[in-house]
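The values are calculated or read from the model by the stated rules, or taken from the named source; none is laboratory data. Everything numeric in this text was worked out from a predicted model, so none of it was measured. Here Cβ is always computed from backbone atoms with ideal geometry, including for glycine, and neighbour counts include all displayed protein chains.
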Amino acid sequence: MEKIREFLKDKQKSVPVIIFILGLFSMFFAYFFVNRGSTEESTSETKPTPQITPIEEQIQSVNSPTPTPKTTFSPTKTPSPTQKPAEPSNTPAPSPTTEPKNTTISSIASLDGFRSSNNGGNDSIEIRVRNGAMVGAPEYELVTRGFVSFDISTLPDNATIVKATLRLYQYQVDGTPFTAGGSIKIDHMDYGASLESADYDASAINANIATLTSNSGIEWKDAEVTNAVKKDIDEGHSKSQYRLHFATEEDGDGEVDTAYFYSANSGHNTNPPQLVVSYTE
Ligand SMILES: [Ca+2]
Ligand SMILES: [Ca+2]
């Protein structure tokens, strides 16, 4: 204390001491306010704590190379199963093409032959188609017509006619029948179970349905009679019957002109009349 009193007494020394003390106070207050401010800041706002990346990780991240993107393998496409054609539903199978059947029917012996304009005729020899001679008094030109008949009851009940052909074999010609007569025409007939005089001029179902021939050739003469056979079947006929005549039946020259065809009972032929029928069933 002695020394302090001496020191305080010393005016020259007291000033620096005061300054020193004031300095200490200043420092104290400065420290006090600084701490107070930081406390207020920490209470008013929470500062985010910086994330510190661990050193090892930093090193690792530096050392690790840029990762090569892995090749993405697209999955192999599973082949879709070949689409099978739809099973046919209950569509009915097309019916197989039915091949037509053919049958040849020979004429009925008792119903083929000829009848003439003088009521004459014959069913036991050939079939004739004729004009001339001049007969009677007063004289007139004799005309002859041929007849042929077929049994179609042998065809199946459910037969559908595709085609029918009438065939007669012309085996002889006298005179020049086709010069004035023109051609031999066919009438579709229904003359029943017997060949009679009346059949010469009986009404036809249909007259002139076809031409058999217009020449003297010795050969088979064919004519299509499909509609006639269909009609016979439709109408329930057991026979299909025809009459043959020249287109022009009288030539007035007084000469006999005749075309001869085999019948079923000519007695000297192997070519009786035929009805060739093509049908399905
Ligand atoms: Ca006959
Ligand atoms: Ca004549």
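When you go through (1) within 20 Å of ALA264 (Cβ to Cβ); (2) surrounded by 19 or more Cβ atoms within 10 Å (Cβ to Cβ); (3) away from ligand 2 (no atom under 16 Å from the Cβ) one by one for ILE161, which number turns out not to apply?
Condition not satisfied by ILE161: (1).
Out of all the residues in segment 117-127, which are within 15 Å of ligand 1 (Cβ to nearest atom) and either within 16 Å of ASP251 (Cβ to Cβ) or among the β-branched types (Val, Ile, Thr) (or both)?
Quick first cut of segment 117-127, residues within 15 Å of ligand 1 (Cβ to nearest atom) only: 120-127.
Matches in segment 117-127: ILE125, ILE127.
Check GLY146, GLY136, GLY175 and return the single one that is on the phi > 0 side of the Ramachandran plot and surrounded by 14 or more Cβ atoms within 10 Å (Cβ to Cβ). Spell out the reasoning first.
On the way: GLY146 fails: on the phi > 0 side of the Ramachandran plot; GLY136 fails: surrounded by 14 or more Cβ atoms within 10 Å (Cβ to Cβ).
Of the residues listed, the single one that is on the phi > 0 side of the Ramachandran plot and surrounded by 14 or more Cβ atoms within 10 Å (Cβ to Cβ) is GLY175.
Just checking, how many residues over segment 155-170 are hydroxyl-bearing (Ser, Thr, Tyr) and closer than 18 Å to PRO272 by Cα? Steps first, please.
Residues of segment 155-170 that are hydroxyl-bearing (Ser, Thr, Tyr), as a first pass: 160, 165, 169.
Pick out the ones that are also closer than 18 Å to PRO272 by Cα and you get 165, 169.
Qualifying residue count, segment 155-170: 2.
If I ask for residues that are among the hydrophobic types (A, V, I, L, M, F, W, C), in contact (Cβ under 8 Å) with a residue 24 or more places away in the chain and farther than 21 Å from GLY267 by Cα, which ones from segment 124-148 would you list?
ALA133, MET134, LEU142, VAL143 - these are the residues of segment 124-148 that are among the hydrophobic types (A, V, I, L, M, F, W, C), in contact (Cβ under 8 Å) with a residue 24 or more places away in the chain and farther than 21 Å from GLY267 by Cα.
Which of the strands (runs of 3 or more DSSP E) found entirely inside segment 58-176 contain at least 2 residues meeting this: at pLDDT 95 or above and of a type in the set (Gly, Ala, Ser)?
By residue number, 113-116, 140-151.
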